[in-house]
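Notes follow once the structure below has been shown.
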Amino acid sequence: MKIYADHAASTPCDERVVQAMLPYFTENFGNANSQHFVGRDAAKALADARDTVAEILGCKPNEIYFTSGGTEGDNWALKGVALHKKDKGNHVIISSIEHHAILTPAEWLENNGFKVTRLPVDSTGIVSVKSLEDAIDDQTTIVSVMYANNEVGTIQPIKELARVAHLHGALFHTDCVQAIPYMNIDVKELGVDLLTISGHKFYGPKGAGVLYIRNGVKLDKLICGGGQERSQRAGTVNVPAVVGLATALKLSREELDKNNAHICQLRDHFEKRVESEIPYIRQNGNKQHRIPSIANYSFEFVEGEGILMLLDFNGIAVSSGSACSSGSLDPSHVLLAMGVPIEVSHGSIRFSFGKHNTIEEVDYIVDKLKETISRLREMSPLFDLKKGGTYNV
Ligand code: PLP
């Protein structure tokens, strides 16, 4: 049996998305900037995709910029605004649980003379509006807080945070990469100035994303070259990927309620069984304010790497944190920010369910997880001590 429960890392491309993309690799292969009929075909596909995405996000087509994915969108928003507005102020605010696509450019800004404030979160991963009110000052040019966290799924009060940013004359960006597959987002209603999404999290292709930039917002370019994307983001546009992203987004809106209901059912079944059948665990995240796909647990007295290896051996693909940092043995910055003790954070696993998973698969995962945890605890000196043993550590 092979089970994929790592949809926060990536999702399989929907077959309908693949079919929509295929002609743009072969018969409609043109460069969307070429001034002939082949180029015009590609330009038409690009314009249609832009219209689709704009309609879904509730903005104008000329506020949509196609990028190479979430990482580029986040980098562009944060660095682009901070650099453009450096004469106004040098203060940038992010949350302490952002994805590395925000954390790393923030560090870069810090190394280049900017001041960065990282807002704390509570034990469930929520950023308080008060903490932003306390941190923001007249030097702040941009505030960036993710909509839903990629490790624990907690959803932030984005509307209220954006309002505070605006009251102080700062722009507001949200990394919406993990939220967009599960939530209807209207950028105007949300009141954000910039918003990032990535195609491969909602059954679209990898290497395709969108940065929404509200008309009137000015930021430096990240990639310079030709005049594509209204001269703001150079490089021949990846038309098949853009068509795929727009198709996937449209499908995800049409099927949102059905998919969310299915995924919620899987997650609830999973959590009910885990919580009643496995002792010494801690659920990480907020049980009310969260996207439906992610269940994150710490299993005390064992190492996450060991759990991952044994589950992998049984054909189960899950993750010990975000895909980009799970190669390292560093504890999760998200869990540490939430106050999870370091030794407990080491035994944490993120399960993230998708539209193709079934209840039978969830049962198989729990069965194997129970075996895995018991086996690892049998070998754990810490668990031995917990049981009153005399293991000499
Ligand atoms: N932001 C968040 C919250 C993510 O989860 C990810 C991907 O895991 C990214 C940004 C980066 O997106 P991409 O893989 O498209 O570069």
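The values are calculated or read from the model by the stated rules, or taken from the named source; none is laboratory data. Everything numeric in this text was worked out from a predicted model, so none of it was measured. Every residue, glycine among them, receives a Cβ derived from its backbone with ideal geometry; neighbour counts consider all protein chains shown. Surface areas here come from the heavy atoms of the whole protein model, side chains and all, with no ligands, DNA or RNA. Shrake-Rupley method; radii C 1.70, N 1.55, O 1.52, S 1.80 Å.
The single condition among (1) open to solvent by 50 Å² or more (accessible area, probe 1.4 Å); (2) within 11 Å of the ligand (Cβ to nearest atom) that Gly70 does not meet is (1).
The condition (being surrounded by 24 or more Cβ atoms within 10 Å (Cβ to Cβ) and under 26 Å from Leu83 (Cα atoms)) is satisfied by just one residue among Leu167, Leu190, Leu222, Leu211: Leu211. Does Gly225 satisfy the criteria of being assigned by TED's automatic domain parsing to the domain that holds Asn33 and either within 16 Å of the ligand (Cβ to nearest atom) or within 23 Å of Pro157 (Cα to Cα) (or both)? In short, no.
Looking only at segment 103-127, which residues are surrounded by fewer than 17 Cβ atoms within 10 Å (Cβ to Cβ) and within 17 Å of the chain's Cα centre (by Cα)? Steps first, please.
Of the residues in segment 103-127, the ones surrounded by fewer than 17 Cβ atoms within 10 Å (Cβ to Cβ) are 104, 107-108, 110-113, 115, 120, 122-123.
Result: Thr104, single match.
The number of residues in segment 150-168 that are small (Gly, Ala, Ser) and either without any contact (Cβ under 8 Å) to a residue 12 or more places away in the chain or away from the ligand (no atom under 12 Å from the Cβ) (or both) comes to 2. Taking residues in segment 370-392 that are over 14 Å from Phe301 (Cα atoms), and partners anywhere that are crowded, with 16+ Cβ neighbours inside 10 Å and at pLDDT below 95, the pairs with Cβ atoms closer than 9 Å and at least 6 places apart or on different chains are Thr390/Asp384.
Residue check: Val164 meets all listed conditions (1) closer than 30 Å to Asp41 by Cβ; (2) over 17 Å from the mean Cα position of the chain (by Cα) but one, namely (1). Within segment 175-189, the residues that satisfy the criterion of being within 16 Å of the ligand (Cβ to nearest atom) and farther than 13 Å from Asn150 by Cβ are Met183, Ile185. Taking the numbered list (1) open to solvent by 10 Å² or more (accessible area, probe 1.4 Å); (2) more than 16 Å from the ligand (Cβ to nearest atom) in turn, Asn238 passes all entries but (2).
Only one of the numbered conditions (1) within 16 Å of the ligand (Cβ to nearest atom); (2) closer than 30 Å to Gly113 by Cβ; (3) not in a loop (DSSP other than H, G, I, E, B) is not met by Val53, and that is (2). Under the condition of being in a helix (DSSP H, G or I) and more than 15 Å from Ser131 (Cβ to Cβ), the residues counted in segment 150-161 number 1. Put simply, of Glu63, Glu15 the only residue that is open to solvent by less than 10 Å² (accessible area, probe 1.4 Å) and more than 16 Å from the ligand (Cβ to nearest atom) is Glu63.
Open to solvent by less than 10 Å² (accessible area, probe 1.4 Å) and within 16 Å of the ligand (Cβ to nearest atom): does that describe Thr196?
Numbers: open to solvent by less than 10 Å² (accessible area, probe 1.4 Å): yes; within 16 Å of the ligand (Cβ to nearest atom): yes.
So Thr196 fits the description; yes.
The criterion of at least 2 residues that are in the same structural domain as Gln178 (by TED's automatic domain parsing) and touching a residue at least 60 places away in the same chain (Cβ under 8 Å) is met, among strands (runs of 3 or more DSSP E) falling completely within segment 69-149, by 91-95, 140-144.
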